Structures are given as structure tokens and as C-alpha cells.
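Colleague: Mind looking over this structure? Questions follow.
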Amino acid sequence: MLVLGINTVADACEAALVRDSVIVAELSEPMQQGHDARLAPVVQKLMTDAETPFAALTRIAVVVGPGSFTGVRVGVAFARGLALSLDKPAVGVTSLEALESMPREGSVLGLLAAKRRPPERTWWVQRIVGGRGASEPGEADEAAIRTMAAEMNAVCGAVGSLNLPGVEAAPTARAAALFAARLPDADLPPPRPVYVREPDVTPMRPVGQ
């Protein structure tokens with residue numbers, strides 16, 4: 001099993017290659033924008049450095065959000081296109097399922113800080129059971145998160161932002177690839193974008209209004 005992992009939902013453009021649950025190679029470029037211009041070169045360099053042809057891939061895993069709207073779209077579109085050209089399955093992995101060091105035992109609350117909308121402060125959340133999402137990702141405030149966390153066996157993600165006990169972690173391309181490598185062929189989630197909330201944009205008004 002050879003899986004390419006792609007992550008463009010945060011402040012980096014990442015790719016990782018995993019063979020039989022072992023990390024073969026990984027590459028990450030910090031950036032807040034410009035993922036569309038850098039993703040293809042990053043993936044190409046990763047495959048070249050690993051001396052691995054694209055045809056050897058078994059699956060392509062992509063982090064589908066929640067996260068940056070632009071980053072989500074870029075990663076999903078690239079993974080879909082690559083999968084189509086190679087006739088290989090693309091696997092959608094949520095940002096919470098792709099958290100590094102996610103515990104695979106019991107019920108875990110995946111937690112990531114959402115983009116702040118003053119005066120509100122919210123987090124992306126997802127219930128993870130056995131290392132896989134048992135609910136759709138959602139958005140919650142501090143009070144709701146503390147209630148949810150009390151019902152879980154562990155918390156993983158942006159625990160420091162709430163002073164919660166747990167594993168501090170962020171989503172990564174290698175975690176996405178490792179996640180996809182564990183899935184059976186008959187149960188591969190499609191690479192559909194997960195946005196949770198509407199984009200922070202205001203439609204342009206016609207001139208003169």
C-alpha cells in the first residue's frame with residue numbers, strides 16, 4: 001500500500017508518502033496563500049526525491065477541511081484530478097481525522113481553532129472513535145467544547161487554546177496518508193470539501209448602489 005497525502009487547509013503546503021504505514025518521504029512549505037501555485041511542484045519534488053513514479057500509488061489522501069476555504073478547494077481539486085488521471089481512488093480525510101498523534105482508542109474530541117469572528121471565538125470539533133470520525137465536523141464555542149470534552153476519553157488538537165488536558169496537535173499530510181492507508185477498499189470516504197460555515201465574504205454591490 002503506497003499512499004500520497006496532501007494537506008493545504010492551513011498555513012502550509014504539504015505532501016507525504018507512506019508505504020505500508022511507514023513514512024517514506026514528506027515535504028512542507030510554510031505559506032498563508034499561494035497553495036494553488038505551489039502544490040503541484042511540492043508533490044512532484046516529493047515523488048522525485050522518493051524516486052517513486054505516480055503510477056505506483058495505491059491511493060491519494062487529501063485533507064478536506066474544515067480550514068482555509070481556498071486551501072480546501074485547491075487540495076481537493078488537485079487530488080481529484082490526480083486520482084482521475086491515474087485511475088486511483090482519492091480519499092477524503094477531515095482536518096480532525098488528520099490530526100497528528102490522534103489516539104486510536106476510545107472516544108476522542110478532535111479540536112482546532114476556527115478563524116475568529118470578533119467578538120466570537122469558536123473551534124472546529126469532531127468526535128473521533130477508533131481513529132475515525134463518528135460525526136460530521138462542526139463549530140462550537142468554549143462552553144460547548146468543555147461539555148463535550150467531559151464526555152470523551154481524550155482530547156486532541158488545539159488543547160492549549162482552551163487549557164484542556166490532552167494531546168496538542170495539528171493536521172498533517174502524513175497523518176492523512178496514514179489514516180487512508182488503514183481503511184478497507186470498500187469504505188473510502190470521497191474527497192468532498194468540508195467547510196462547516198459560510199465563507200467570510202460579502203457579495204459585491206452593483207455600481208451606483
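Colleague: Restricting to region 104-131, name every residue that is touching a residue at least 40 places away in the same chain (Cβ under 8 Å) and crowded, with 18+ Cβ neighbours inside 10 Å.
Modeller: V108, L109, G110, L111, L112, A114, W124
Colleague: Here is a follow-up. Restricting to region 3-58, and then to whatever is in contact with a strand residue (DSSP E or B) (Cβ under 9 Å, 6 or more places away or on another chain), in a strand (DSSP E or B) and without any contact (Cβ under 8 Å) to a residue 24 or more places away in the chain, can you tell me which residue is nearest to L188 (Cα to Cα)?
Modeller: The residue in question is R19.
Colleague: I've got another one for you. Answer yes or no: is there a residue in region 93-115 that is under 25 Å from I128 (Cα atoms), touching a strand residue (DSSP E or B) at 6+ places or on another chain (Cβ under 6 Å) and charged (D, E, K, R).
Modeller: yes
Colleague: OK, next. Quick check on this structure: which one of V108, V91 is touching a helix residue (DSSP H, G or I) at 6+ places or on another chain (Cβ under 6 Å) and either among the polar types (S, T, N, Q) or not in a loop (DSSP other than H, G, I, E, B) (or both)?
Modeller: After ruling out the rest, the residue left standing is V91.
Colleague: Here is a follow-up. Looking at this structure, is A150 modelled with pLDDT of 95 or more, open to solvent by 70 Å² or more (accessible area, probe 1.4 Å), out of contact with any Lys or Arg (no Cβ under 6 Å at 6 or more places or on another chain) and among the small types (G, A, S)?
Modeller: Yes, satisfied.
A quick yes/no check of all residues on (1) under 30 Å from L2 (Cα atoms); (2) over 13 Å from the mean Cα position of the chain (by Cα); (3) modelled with pLDDT of 95 or more:
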| position | (1), (2), (3) |
| --- | --- |
| V108 | yes, yes, yes |
| G131 | yes, yes, no |
| P137 | yes, no, yes |
| P199 | no, yes, no |
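Colleague: Closer than 19 Å to V9 by Cβ, modelled with pLDDT under 95 and small (G, A, S), is that true of A170?
Modeller: Judged against the criteria, A170 is not a match.
Colleague: Moving on to the next point. Restricting attention to region 153-172, report how many residues are among the hydroxyl-bearing types (S, T, Y) and either open to solvent by 50 Å² or more (accessible area, probe 1.4 Å) or farther than 21 Å from S28 by Cβ (or both).
Modeller: 1
Colleague: Continuing with this model, one more query. Considering only residues of region 55-103 that are of a type in the set (K, R) and under 16 Å from the mean Cα position of the chain (by Cα), which is surrounded by the most Cβ atoms within 10 Å (Cβ to Cβ)?
Modeller: R59
The values are calculated or read from the model by the stated rules, or taken from the named source; none is laboratory data. This one's a predicted model, so the numbers in the text were calculated from it and none came from an experiment. Neighbour counts run over all protein chains shown; Cβ positions are idealised from the backbone, glycine included. Calculation scope for accessible area: heavy atoms of the full protein, side chains included, ligands and nucleic acids excluded. Shrake-Rupley method; radii C 1.70, N 1.55, O 1.52, S 1.80 Å.
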